[in-house]
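One structure coming up, written as structure tokens, with questions to follow.
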Amino acid sequence: MKRYVIKLGGSIITDKDEPLSINIPTLLGIGEEIAAAMRATDLSLAIVHGGGSYGHPSVRECLDRKGVMDEPCYVRTAYLMSELSLMVTQVLIAAGVPAVTLTTRSVCAMKSGRPDCELGIAAEMVGRGLVPVIFGDGVLSDDGYEVMSGDDIVWLLAKAMGDAEVVFATDVDGIFDKDPRKSPDARLLKEVSAFEALKYVGGSGRIDVTGGMRSKLVKGLRHARGWGRAYVVNGGRRWNLFNLLTGKPFIGTVVWYQ
Ligand code: ATP
Ligand code: IP8
């Protein structure tokens, strides 16, 4: 059975230029494709989503003001991320996905600067055919509060599921030889190692406290060196995610984390 952790990027589930906006048509489309793929083939799936225009502006504001995530910032970010995650889960359920929200800050903390999560229950849910939904969040750290990116959680979850593959559904068709949002002549790379891809990628270009596309590659190298495999695809391109999940040709980039 194929196992995937799907990261729904903040850039597709929200409009990162518009605070507290949720992109329901795109999410419904993604939900429809995931539900159809689960009916069409044997799949074990988990979903992680990003902070988008809920988490990132909230954290940016306190980092600019205080330099750290303080208690009021943690409380506000936690509330906003729960609100976003409930809406994401609601839309996925409406589309036919057996989605169940897991609250990151209840199962994850930063310990000595490293993300640490208890994901046994999430893996058990996946084994029963459920689709856990977890997200980038504010979490407890040794002496305060920190942001844990969904781009870390995907690899911890992939490991807990038995070396699952990771699908990054973003707002671009994959990894290009330069940022396609800035250079219309950018060339899509079909397959690339994370090390090589680092030569080409920049950040997210919008409010992003966790580092954008570059940090997806760096975090993968940190957690999944030697076994990780990821796909970067456009989550808004209709039926592309379905094609990937069901083993059909798709538009995107395969990334190896050697
Ligand atoms: P979030 O962290 O909120 O979940 P996300 O997963 O949706 O965000 P980003 O981290 O914003 O996605 O990364 C996608 C962005 O990466 C694109 O919108 C693009 O502008 C930027 N980017 C920079 N360099 C490249 C490149 N070489 N190829 C593809 N995208 C690139
Ligand atoms: O968007 C960040 O998660 P990411 C979460 O997956 C917050 O990097 C709270 C900004």
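The values are calculated or read from the model by the stated rules, or taken from the named source; none is laboratory data. Because the structure is predicted, anything quoted here is derived from the model rather than measured. Every residue, glycine among them, receives a Cβ derived from its backbone with ideal geometry; neighbour counts consider all protein chains shown.
Just checking, does the stretch 153-166 include any residue being over 18 Å from TYR257 (Cβ atoms) and at pLDDT below 95?
Start the filter on the stretch 153-166 by keeping residues that are over 18 Å from TYR257 (Cβ atoms), which leaves none.
Looking for residues that are over 18 Å from TYR257 (Cβ atoms) and at pLDDT below 95, one finds none in the stretch 153-166, hence no.
Of the residues PRO98, PRO72, PRO57, only one is in contact with a Leu (Cβ under 9 Å, 6 or more places away or on another chain) and free of Cβ contacts under 8 Å to residues at least 60 places away in the same chain; which? Lay out the reasoning, then the answer.
Working: PRO72 fails: in contact with a Leu (Cβ under 9 Å, 6 or more places away or on another chain); PRO57 fails: free of Cβ contacts under 8 Å to residues at least 60 places away in the same chain.
Only one candidate qualifies: PRO98.
Against the conditions (1) touching a residue at least 40 places away in the same chain (Cβ under 8 Å); (2) within 15 Å of ligand 2 (Cβ to nearest atom); (3) on the phi < 0 side of the Ramachandran plot, where does THR89 fall short? Just the number, please.
(2)
Also, quick follow-up: Hey, could you check the stretch 141-199 for residues that are touching a Leu at 6+ places or on another chain (Cβ under 7 Å) and surrounded by fewer than 18 Cβ atoms within 10 Å (Cβ to Cβ) and say which is farthest from ARG237 (Cα to Cα)? Give the steps one after another, and end with the answer.
Just the residues of the stretch 141-199 that are touching a Leu at 6+ places or on another chain (Cβ under 7 Å), to begin with: 156-157, 160, 167, 169, 173-177, 194, 197-198.
With the extra rule that they be surrounded by fewer than 18 Cβ atoms within 10 Å (Cβ to Cβ), the set shrinks to 177, 198.
Values: ASP177: 20, LEU198: 24 Å.
Step by step, filter the stretch 141-199, then rank; the result is LEU198.
Could I ask something else about it? Checking the condition over 14 Å from LEU45 (Cβ atoms) and out of contact with any strand residue (DSSP E or B) (no Cβ under 8 Å at 6 or more places or on another chain), which residue from VAL91, VAL139, VAL172 passes? Before the answer, list the steps.
Details: VAL139 fails: out of contact with any strand residue (DSSP E or B) (no Cβ under 8 Å at 6 or more places or on another chain); VAL172 fails: out of contact with any strand residue (DSSP E or B) (no Cβ under 8 Å at 6 or more places or on another chain).
Criteria check complete, one pass: VAL91.
Moving to a separate point now. Among the listed residues SER21, SER11, identify the single one that is assigned to a loop (DSSP other than H, G, I, E, B), touching a residue at least 24 places away in the same chain (Cβ under 8 Å) and of a type outside the set (Lys, Arg).
On the way: SER11 fails: assigned to a loop (DSSP other than H, G, I, E, B).
One residue alone meets the criteria, SER21.
Please verify whether ALA94 is crowded, with 23+ Cβ neighbours inside 10 Å and of a type in the set (A, V, I, L, M), treating the condition exactly as stated.
No.
Quick check on my filter: what residues within the stretch 178-200 are within 9 Å of ligand 1 (Cβ to nearest atom), farther than 14 Å from GLY212 by Cβ and in contact (Cβ under 8 Å) with a residue 40 or more places away in the chain?
LEU188, LEU189
OK, next. Restricting to the stretch 28-62, and then to whatever is buried (at least 24 other Cβ atoms within 10 Å of the Cβ) and among the hydroxyl-bearing types (Ser, Thr, Tyr), can you tell me which residue is farthest from ALA164 (Cα to Cα)?
SER58
Something else now. Could you tell me which numbered condition GLY228 fails, if it satisfies all but one of (1) within 16 Å of ligand 2 (Cβ to nearest atom); (2) of a type outside the set (D, E, K, R); (3) more than 16 Å from GLY50 (Cβ to Cβ)?
That leaves (1) as the condition not met.
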